[in-house]
Amino acid sequence: MSVLSSIGRLANQYAEARARHRSERILLSLAAELRKDIGFPEIFETRESRRDTTFSAKVI
């Protein structure tokens, strides 16, 4: 793998992360009733719990 392809892959990952965080910020700025109607709290809570279980695993 060349250096340029590595940089391109990292740039794509960064752009995807920025877009995801921007979308979350926009959804979180909506009224709670609207977020509930579109199911955002459940999606967000599921992702948070999955991340907590991933990072809370003990390394032996």
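Quick note: the coordinates plus some simple rules give every number you see, no bench work behind them. For clarity, every value in this text was computed on a predicted model and none was experimentally measured. When we count neighbours, we look across all protein chains shown, and the Cβ atoms used for this are built from the backbone with ideal geometry, even at glycine.
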> Counting Lys +1, Arg +1, Asp -1, Glu -1, what net charge surrounds E16 among other residues with beta carbon under 12 Å of its beta carbon?
Replying inline: +4
>> Assuming 0.36 nm per residue, please report the length gained on full extension of the stretch L10 to E33 beyond their Cα-Cα distance.
In response: 4.6 nm
